[in-house]
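One structure is given below, encoded as C-alpha cells.
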C-alpha cells in the first residue's frame, strides 16, 4: 500500500484541496478513483494527483480508496497540465482536471469503421512543400518547436496539416487538429477520414450526445483513434505520446474560453506540446497581433505561404462609400454597386456571399419620443428584435421577451425598430431576387448540427445561390464557386467595446473576402462602409497585413495592451452592489500597496458591471500587468480568494486573463 493525494470531484470552493488516502501500489498519477468523503454514504469520484506521499496527519485517520477505475483514468501529462492551469489561470483543481475527462455511463454503439484511408493526398505547391518539410523535420527531431504559418486564404494549409499528422503517425505518435467552429471541424474531420481511414480519426465537441462523446473518448484513450479533429475542447483530448498539435485559424476568438474554467487554447496546446516534445503549429491568413509578435520575437518560427493553390486567384477588393448612397437617395441596406454585382454574378451562374456580423432583424428597439432603449433586465445589454421569433432576444444570456406595445418609460405607443441584422438582409434579398435560392447562416440557423451541415452542403453543391451570414462564414469554410462577396457594414466590428476591435475588423474583412475566387475566375469583394477613410478598412482592402500590424502594435504599446501586458479582469459577485464593490476596493488596495509592484502596472478603479448573473451584483476592475508579472498577480488573487472563502464572506471572486469585451 501507498499514500496518495487526490482531488475530489466536488463543486464547492471549500474542498479545492488535496486529500490524502491509502491506495494499492498500482495506483498511479491520473488514476480515476472512488473515495470515502465527508461522511457521505457513497464514495465520490476523484483523481490521484500525487503518489508516494508522506502523510502530514495521523496515519490512523487516513482512509483507503474504495475503487480504482483504470479505463477512465488520465495520464501524468494531463494531470501536470491541469495543475499548471490552476497556477496560470487561478482555476479550481477539479475544474481543470474535468476538462480532460468526459461524462456518460455507457458509450454509444460503436460505428462501423473502415480501417484504411483512400485519399493518397494532393501534389504540393512550392509554399506547401517548404512549410511541410520544415515542420515534418521538427516532428522527426522529437524536440518541442512552435510554428506560425501565415498563409493567405486557400493557400492549402489543411494539406500541410495532414502531411504533418502523417509524419507523427509514422513514428507511432498522435495528433490533435483544432478548428474554431464545430461545423468547420466536421468538414475537416471528413477530409482526415478520407486520408487516414474512419477508425483512425475521432471527433470531440459539445454537440455530441453524452454517450457519443464517451464512445469517442474511449476510442482515443484506448489508442484506437490516433488523430483527434475538433473544436476548442479537443485540446484536452486524452491522447498519449502526442507528436503534433495544430490550431487552424488561430486568430479566432472562439479559442478563448469565457466560461469556467477560463483559459486560452493556445496556452494549453503550447504546454501539452512542450511536455511531450511535440510540434505546435498555428495557422492563419490573419494571425493575431499577439501571435505575430511572438513570431517576430522568436517564440514561433514564421512560415509564409503567400500564394493560392491551383487556379485559385485572389479577388479584387473595392470600398463602397455608403454616405454617398444615403445622400443620393438610396435608403436600402444594399448599395447600388452591390445590387449590380449580385445581378452580374447570378447571371454568370456563380454564387454570392453577403456578410453582416449582426444577427436578428433590428439591432435596437427604442422609443423615439423619450429615447428609451429596451435592454435585458438581467444583463443590461440592448435587446435585438428577431422577426422569426416575433420577440426581443438578449444576445448575451439568450433571454426572450415579447415585443412591447407601449414604451415602458413614457407609455408612448410609437415603438421604433432600428439597425439591420441578417434577418432583415435576408428579407430584402428574397424580395429583390425572387428566383434565386437564398439561405441564412448565423447562430440562429446553425444551432442545430444537422441544419448547419445542410446549409453548408447546399451552398457547396450549388443548390443555394445567395448565402447570408455572420462571422461563422469567416472561419475557413471552403466554397468553390463564389464570384462575389458583399460585406454589408464593415464598421460594425469597429464599434465593439474591446481593444481588439481594429484587429477583428481587419481579420473579418480578409477572412470573408477569402471565400471568393477559389475556382480561378475573376471575383470581387465589395466592402460597404460609412467610414471609407478608416485606416484598417483601407489596409484590409489592400491586403496590407504588415501595415496593419505595425500601426496596431504602436497603438497597443501606447495604450499598454497585449502583447506588452496581460489584461486581468477581477470580478466580485455578491447579493448587493455595496458588498461587491467593497471587496473589489479591498483587493485593489492590496495590489496597490505591494512593495515590489512591477514598473508600468496599471490598476484601474472598480466599477459596477450592469450585466447580472443569477441575480448577483457584479463589481469588476482591470489590471494591466506588464510582461512577466502575471504569475504574481494570479498568486495574489488566489491568496485573497482563500481569505474570502475562510471568512465565509457573502462574496464570490473570479478572474479572467486577457478576456474579450474589455475596453
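To the nearest 10 degrees, how steeply does helix 157-170 sit against the main Cα axis of the chain, on a 0 to 90 scale?
So the inclination is approximately 30 degrees.
Quick one: angle between helix 545-559 and the longest Cα principal axis of the chain, in degrees between 0 and 90, rounded to 10, please.
Relative to the chain, helix 545-559 is tipped by roughly 60 degrees.
For labels at residue 413 and residue 59 in the simple 7 Å Cα→Cβ model, what's the distance in nm?
8.6 nm
Could you tell me the relative contact order of region 497-564? Use alpha-carbon pairs under 8 Å, at least six residues apart, and round to a whole percent. Don't jump to the answer; show the numbers that get you there.
Values: 36 pairs, mean separation 22.3, N = 68.
Relative contact order for region 497-564 comes out at 33 percent.
Extension gain residue 259-residue 519, at 0.36 nm per residue separation less the Cα-Cα distance, in nm? Can you show the working numbers first?
Details: separation 260, 0.36 × 260 = 93.60 nm, distance 4.01 nm.
Stretched out fully, the residue 259 to residue 519 stretch lengthens by 89.6 nm.
Sort the chain into rounded, prolate or oblate with this rule: let a ≥ b ≥ c be the square roots of the eigenvalues of the Cα gyration tensor; rounded if a/c is under 1.5, and if a/c is not under 1.5, prolate when a/b is larger than b/c, oblate otherwise.
Judged from the Cα gyration tensor, the chain comes out oblate (a/c at least 1.5, b/c at or above a/b).
First measure r as the distance between the Cβ atoms of residue 50 and residue 643, then evaluate 1/(1 + (r/R0)^6) with R0 = 22 Å and state the FRET efficiency to the nearest 0.05.
Working: r = 25 Å, r/R0 = 1.16.
FRET efficiency, residue 50 to residue 643: 0.30.
Could you tell me the calculated FRET efficiency between residue 110 and residue 207, based on Cβ-Cβ distance and R0 = 22 angstrom, to the nearest 0.05? Spell out each step's value before the answer.
Numbers: r = 19 Å, r/R0 = 0.88.
FRET efficiency, residue 110 to residue 207: 0.70.
Among the DSSP beta bridges whose two residues both lie in the chain, what percent are antiparallel, rounded to the nearest 5?
If we restrict to bridges inside the chain, about 50 percent are antiparallel.
Compute the helix-to-body angle for 336-347: its Cα long axis versus the longest principal axis of the chain, expressed 0 to 90° and rounded to tens.
Roughly 90 degrees between the two axes.
Most exposed first by the Cβ proxy, i.e. fewest other Cβ within 10 Å, how do 480, 209, 595, 475 rank?
595, 209, 480, 475
For the chain, what is the calculated [θ] at 222 nm in deg cm²/dmol (nearest 500), taking -39500 (n - 2.57) for each run of four or more DSSP H residues and dividing by its residue count?
-9500 deg cm²/dmol
Can you tell me the FRET efficiency between residue 460 and residue 344 if r is taken as the Cβ-Cβ distance and R0 is 35 Å, rounded to the nearest 0.05?
Values: r = 22 Å, r/R0 = 0.63.
Efficiency computed from Cβ-Cβ geometry: 0.95.
Measure out, as a whole number of angstrom, how far apart the alpha-carbon centroids of region 221-256 and region 565-623 sit.
34 Å
Show me the ranking of peptides 618-626, 586-594, 408-416 by mean Cβ neighbours inside 10 Å, starting with the highest. Please report the intermediate quantities before stating the final value.
On the way: 618-626: 21.2, 586-594: 14.6, 408-416: 12.6.
Going by the mean number of other Cβ atoms within 10 Å, highest first, we get 618-626, 586-594, 408-416.
Listed highest first by mean packing, meaning other Cβ atoms within 10 Å per residue, what order do 364-372, 144-152 come in? Display every interim value, and only then the final one.
Details: 364-372: 16.1, 144-152: 22.0.
Taking the mean over residues of other Cβ atoms within 10 Å, the ranking is 144-152, 364-372.
Listing 37, 18 from the residue with the fewest other Cβ atoms within 10 Å to the one with the most, what is the order?
Ordered from fewest to most neighbouring Cβ atoms within 10 Å, 37, 18 come out as 18, 37.
So for each of 127-138, 278-289, 234-245 I average, over its residues, the number of other beta carbons within 10 Å; can you give me the resulting order with the highest mean first?
278-289, 234-245, 127-138
Using only Cα atoms, locate the centre of region 48-111 and the centre of region 8-43, then give the distance between them in Å, rounded to an integer.
The distance from the Cα centre of region 48-111 to that of region 8-43 comes to 8 Å.
How do 389, 300 line up, fewest other C-beta atoms within 10 Å first?
With the fewest neighbours first, 389, 300 line up as 389, 300.
A short reminder: the numbers here are calculations on the coordinates, not readings from a lab. Not measured: the values here are computed from a predicted model. Using ideal geometry, Cβ is built from the backbone for each residue, glycine included, and neighbour counts are taken over all protein chains shown.
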